[in-house]
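Enquirer: Below you will find the structure I want to go over with you.
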Amino acid sequence: MSSASVNPHSEIAGKLSAGDTFLAQNETYQAFLEYYSALTLTGDALKNNPADTYLTETQLICLIKCGWLISQNTDDYTTASTYSSAALKLAPASAKARCLHAIICSKMGKSEEALENMLLAEGLDKENSAYTHNLALLYAETDALKSASYKEKTEEKYPELFTKTDGKLLLEIPHDIKPADDNKAQYKLGLKYYVNQEYQEAADCFSKAAEAGYVPAQFTFALCYAAGRGVEQDDTKAAEWYKKAADAGYAEAQFCLALCYDDGRGVEQDDTKAAEWFKKAAEQEFAPAQYNLALCYDDGYGVEQDNAKAAEYYRIVADTGYAEAQFNLALCYEYGSGVEKDEVKAAEWYKKAADGGYAEAQFNLAICYDDGCGVEKDEAKAAEWYKKAADAGYAPAQFNLAICYDTGSGVEKDETKAAEWYKKAAEQGDNDAQFSLGVCYENGYGVAADKSEAAKWFKLSAEHGYTEAQLKLGMCYEYGFGVDEDATEAAKWYESAAENGSAQAQFSLGLCYDNGYGVEKDEVNAAKWYQLAAEGDFVPAQFNIGLCYDNGWGIEADEVKAAEWYGKAAEAGYVPAQFNLGVCYDNGYGVEKDEGKAVEWYKAAAEAGYAKAQFNLGVCYMNGTGVEHDEAKAVEWYRKAAEQGHEKAGKALEAIEMK
């Protein structure tokens, strides 16, 4: 009776199972013995059944497992390579066999053979991330771009693989490392499309991940709607997706949602909600939100104004190097807003922001050096910082730099450079600079004199409300300087400047009403504007309002007020007023009669060449009024007046000569 034949499959399977159990318990030597035993049994069985597919597949598994265990637990790479070579001979198209052989070749220093086999493995099984991981490592020293490409490809599916495996070559992905979820993969793929400006494909990827609840994708999908990239632009949908991501605690989305409420984009404008979302993002240390929250507290925007909190948040962001926050913190210290006023700290923070290239801070730091505020006064450093801000296109700095060249402050005086910088600032709409450039063209200062250009720049500045330019433009129209003479335009611009408080313009407008120049003649309005100009210490207006009170022109006559205004103008050296004040004292008009004071004021005006005063002074000397009688001095002053065509003085001389 023949014995029953034994099925080798079950025995081999038992050995494999035992090997796997030992391997799971990290008993690698026992595992190797079981795999080796299974390999031997498989070899014997194949002699009798060479066409048995199970035996062939099992033999390949055993070869790979034995080769792998030897390569990982000993330095006997030659023996390990006999197993991998046998596996390749048995199954040249086995990706795992190719991978094993590549790993062993790499350990043996055969880098080209290792790379060749790993590329074949990756080509045979493109879904196995262990192979792309290995290629990233194998290319690391020879081709950085390819290494980075394979690494990126691996991390799309296994983000933590490189860190958790510590840069080791893998036969397969360890069981304890989980692949990335599909949503994250979709999101990363969307980012790739977005970077490549393939916005439709990017939006599709973001949409799938966002709908599935992947928060970063919700944010980027919102960005697509906000910018109209890959989808039709839609602020409302953008806000909706920002809200989803914001509710999940995504700081950037909270910030963007705050901006939506701030501007009323896609949602109803709401200062309070804007501040709330800025605060949520700020609490996650998102610097742009912290800065905007500081602005909210600074201005009482959506929150109760709190300068101390504003300064606190400015400092938090300033410490990260954010130049605009550094600048605002400097302002806090300069003005004592939310912190104790400290000019030194203000200058320090201006310097930090200035070093960061923030033009307005460079300008303010220049002012600190200009005024010696928080730093030692240094005109050269002031000019240096004005120049930096000016080169960055900051118009106020360009204007101040022009003044430096204009006056030689911190730089060598240079009219041409002054005019150049005035022009740069003027072309940006700086009113001060437009006016100053007009003055340059008016006087040929640093540029060729050009009346038309002067009037042009005066007009631009005047149209922006610059008072001195309005006055100058009125004068241009009055005298036909660079423009056609136009009384109406002259009066119009005088009025603009007058209403802005220019005493000279008020006087000129008073003259317009006095003479019916460009406006209907009106003594009341003339007196009104003379009065305002006089109160603004414009001396000719003081004299003219004196005349109005003297003669009752446009105002009720008042001798006392007339004398008062003559006195103010006279004290300021206005010659006609000195004469009229002399008349007041001579006749007790509005003041107590005082012939001595009358002589003093006649003499002041006479010495200034005023003919009427010279004649009256001559009369005083002839009659001994207020002075001792002195015919010689009388003749001297009559003669001076007569030489200027004063008829009474001429007749007085004739009478003296006829004696």
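The values are calculated or read from the model by the stated rules, or taken from the named source; none is laboratory data. These numbers were taken from a predicted model, which means no experiment stands behind them. With ideal geometry, Cβ positions are generated from the backbone for all residues, glycine too; neighbour counts draw on all protein chains shown. Accessible surface is based on the protein model in full, side chains and every heavy atom, while ligands, DNA and RNA are left aside. Shrake-Rupley method; radii C 1.70, N 1.55, O 1.52, S 1.80 Å.
Enquirer: With the requirement that a residue be under 16 Å from residue 425 (Cα atoms) and not charged (D, E, K, R), what does the range 448-484 give you?
Expert: Correct list: 454, 457, 458, 460, 461, 462, 464, 466, 469.
Enquirer: Among the numbered criteria (1) in contact with a helix residue (DSSP H, G or I) (Cβ under 7 Å, 6 or more places away or on another chain); (2) in contact (Cβ under 8 Å) with a residue 12 or more places away in the chain; (3) open to solvent by less than 40 Å² (accessible area, probe 1.4 Å); (4) not in a loop (DSSP other than H, G, I, E, B), which single criterion is violated by residue 633?
Expert: (3)
Enquirer: Based on this model, can you work out whether residue 513 counts as more than 30 Å from residue 457 (Cβ to Cβ) and out of contact with any strand residue (DSSP E or B) (no Cβ under 7 Å at 6 or more places or on another chain)?
Expert: Values: more than 30 Å from residue 457 (Cβ to Cβ): no; out of contact with any strand residue (DSSP E or B) (no Cβ under 7 Å at 6 or more places or on another chain): yes.
So residue 513 does not fit the description; no.
Residue-wise test of (1) under 60 Å from the mean Cα position of the chain (by Cα); (2) at pLDDT below 90; (3) farther than 25 Å from residue 95 by Cα.
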{"position": "4", "(1), (2), (3)": "no, yes, yes"}
{"position": "35", "(1), (2), (3)": "no, no, no"}
{"position": "47", "(1), (2), (3)": "no, yes, yes"}
{"position": "55", "(1), (2), (3)": "no, yes, no"}
{"position": "74", "(1), (2), (3)": "no, no, no"}
{"position": "77", "(1), (2), (3)": "no, no, no"}
{"position": "80", "(1), (2), (3)": "no, no, no"}
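Enquirer: Do we find that residue 303 is out of contact with any Gly (no Cβ under 7 Å at 6 or more places or on another chain) and not in a loop (DSSP other than H, G, I, E, B) in this structure?
Expert: no
Enquirer: If a residue must be touching a Ser or Thr at 6+ places or on another chain (Cβ under 8 Å) and either closer than 15 Å to residue 368 by Cβ or in contact (Cβ under 8 Å) with a residue 60 or more places away in the chain (or both), how many such residues does the range 380-420 contain?
Expert: The total comes to 2.
Enquirer: Among the candidates 203, 258, single out the residue that is of a type in the set (Gly, Ala, Ser), closer than 29 Å to residue 279 by Cβ and open to solvent by less than 60 Å² (accessible area, probe 1.4 Å).
Expert: Residue meeting the stated conditions: 258.
Enquirer: Select from the range 419-463 the residues that are of a type in the set (Ser, Thr, Tyr) and in a helix (DSSP H, G or I) and write down the one among them that is farthest from residue 392 (Cα to Cα).
Expert: The residue in question is 452.
Enquirer: Next question, about the same structure. When residue 138 is evaluated against the numbered criteria (1) more than 20 Å from residue 111 (Cβ to Cβ); (2) in contact (Cβ under 8 Å) with a residue 12 or more places away in the chain; (3) out of contact with any Pro (no Cβ under 8 Å at 6 or more places or on another chain), which criterion, by number, is the only one it fails?
Expert: (1)
Enquirer: In the set 60, 23, which member is surrounded by fewer than 22 Cβ atoms within 10 Å (Cβ to Cβ), closer than 30 Å to residue 137 by Cα and modelled with pLDDT under 90?
Expert: Values: 60 fails: modelled with pLDDT under 90.
Just one listed residue meets the conditions, 23.
Enquirer: Which residues, counting only those in the range 472-514, are among the hydroxyl-bearing types (Ser, Thr, Tyr) and farther than 26 Å from residue 440 by Cβ?
Expert: Hits for the range 472-514 are 488, 513.
Enquirer: A further question on this structure: Looking only at residues in the range 149-182 that are among the hydrophobic types (A, V, I, L, M, F, W, C) and in a loop (DSSP other than H, G, I, E, B), which one is nearest to residue 214 (Cα to Cα)?
Expert: We begin by selecting, within the range 149-182, every residue among the hydrophobic types (A, V, I, L, M, F, W, C); these are 161-162, 169-171, 173, 177, 180.
Within this subset, residues satisfying the condition of being in a loop (DSSP other than H, G, I, E, B) are 169-171, 173, 177, 180.
Numbers: 169: 32, 170: 30, 171: 32, 173: 25, 177: 21, 180: 12 Å.
Looking at the filtered set, the residue picked out is 180.
Enquirer: Something else about it: May I ask you to say which residue of 419, 380, 402 is open to solvent by 20 Å² or more (accessible area, probe 1.4 Å), more than 24 Å from residue 288 (Cα to Cα) and either of a type in the set (Phe, Trp, Tyr) or over 19 Å from the mean Cα position of the chain (by Cα) (or both)? Reasoning before the result, please.
Expert: Values: 419 fails: open to solvent by 20 Å² or more (accessible area, probe 1.4 Å); 402 fails: open to solvent by 20 Å² or more (accessible area, probe 1.4 Å).
Every option except 380 fails the conditions.
Enquirer: Any idea which residue in the range 159-187 is least open to solvent (accessible area, probe 1.4 Å), counting only those that are of a type in the set (Ser, Thr, Tyr) and under 14 Å from residue 137 (Cβ atoms)?
Expert: Looking at residues that are of a type in the set (Ser, Thr, Tyr) and under 14 Å from residue 137 (Cβ atoms), I get 165.
Enquirer: Next question, about the same structure. Determine, yes or no, whether residue 191 is free of Cβ contacts under 8 Å to residues at least 60 places away in the same chain, of a type in the set (A, V, I, L, M) and open to solvent by 30 Å² or more (accessible area, probe 1.4 Å).
Expert: The answer is yes for residue 191.
Enquirer: Further question: Conditions first: (1) assigned to a helix (DSSP H, G or I); (2) in contact with a helix residue (DSSP H, G or I) (Cβ under 6 Å, 6 or more places away or on another chain); (3) open to solvent by 80 Å² or more (accessible area, probe 1.4 Å); (4) not acidic (Asp, Glu). Residue 229 passes all but one, so which condition is the exception?
Expert: (1)
Enquirer: Suppose the filter is open to solvent by 20 Å² or more (accessible area, probe 1.4 Å) and over 23 Å from residue 216 (Cβ atoms); does residue 313 pass it?
Expert: So residue 313 passes the test.
Enquirer: Find all pairs meeting these conditions: Cβ atoms under 6 angstrom apart; at least six residues apart or on different chains; first residue within the range 327-349 and under 16 Å from residue 298 (Cα atoms) and among the acidic types (Asp, Glu); second residue part of a helix (DSSP H, G or I) and open to solvent by 20 Å² or more (accessible area, probe 1.4 Å).
Expert: none
Enquirer: Kindly indicate whether residue 504 is modelled with pLDDT of 95 or more, more than 30 Å from residue 620 (Cα to Cα) and surrounded by fewer than 24 Cβ atoms within 10 Å (Cβ to Cβ).
Expert: Considered against the rule, which asks whether it is modelled with pLDDT of 95 or more, more than 30 Å from residue 620 (Cα to Cα) and surrounded by fewer than 24 Cβ atoms within 10 Å (Cβ to Cβ), residue 504 comes out as yes.
Enquirer: Next up: I'd like the residue in the range 441-473 that is open to solvent by less than 30 Å² (accessible area, probe 1.4 Å) and of a type in the set (A, V, I, L, M, F, W, C) and, out of all such residues, is farthest from residue 499 (Cα to Cα).
Expert: 454
Enquirer: Determine whether residue 73 is farther than 26 Å from residue 117 by Cβ and open to solvent by 70 Å² or more (accessible area, probe 1.4 Å).
Expert: Spelling it out, it is not the case that residue 73 is farther than 26 Å from residue 117 by Cβ and open to solvent by 70 Å² or more (accessible area, probe 1.4 Å).
Enquirer: Can you tell me which residue among 265, 315 is assigned to a loop (DSSP other than H, G, I, E, B), among the basic types (Lys, Arg) and modelled with pLDDT of 95 or more?
Expert: 265
Enquirer: Residues in the range 489-498: is at least one among the small types (Gly, Ala, Ser), open to solvent by less than 10 Å² (accessible area, probe 1.4 Å) and more than 44 Å from the chain's Cα centre (by Cα)?
Expert: Within the range 489-498, not a single residue is among the small types (Gly, Ala, Ser), open to solvent by less than 10 Å² (accessible area, probe 1.4 Å) and more than 44 Å from the chain's Cα centre (by Cα).
Enquirer: For the range 279-300, how many residues meet the condition of being aromatic (Phe, Trp, Tyr) and assigned to a helix (DSSP H, G or I)? It would help to see each step written out before you state the result.
Expert: We begin by selecting, within the range 279-300, every residue aromatic (Phe, Trp, Tyr); these are 286, 291, 297.
In the following step, the residues that additionally are assigned to a helix (DSSP H, G or I) were identified as 291, 297.
The qualifying residues number 2.
Enquirer: Among the listed residues 239, 185, identify the single one that is more than 30 Å from residue 118 (Cβ to Cβ) and in a helix (DSSP H, G or I).
Expert: Of 239, 185, the one residue that is more than 30 Å from residue 118 (Cβ to Cβ) and in a helix (DSSP H, G or I) is 239.
Enquirer: Is it the case that the range 97-110 has a residue that's over 17 Å from residue 147 (Cα atoms), open to solvent by less than 50 Å² (accessible area, probe 1.4 Å) and either among the small types (Gly, Ala, Ser) or outside any helix (DSSP H, G or I) (or both)?
Expert: Yes; the residues of the range 97-110 include at least one that is over 17 Å from residue 147 (Cα atoms), open to solvent by less than 50 Å² (accessible area, probe 1.4 Å) and either among the small types (Gly, Ala, Ser) or outside any helix (DSSP H, G or I) (or both).
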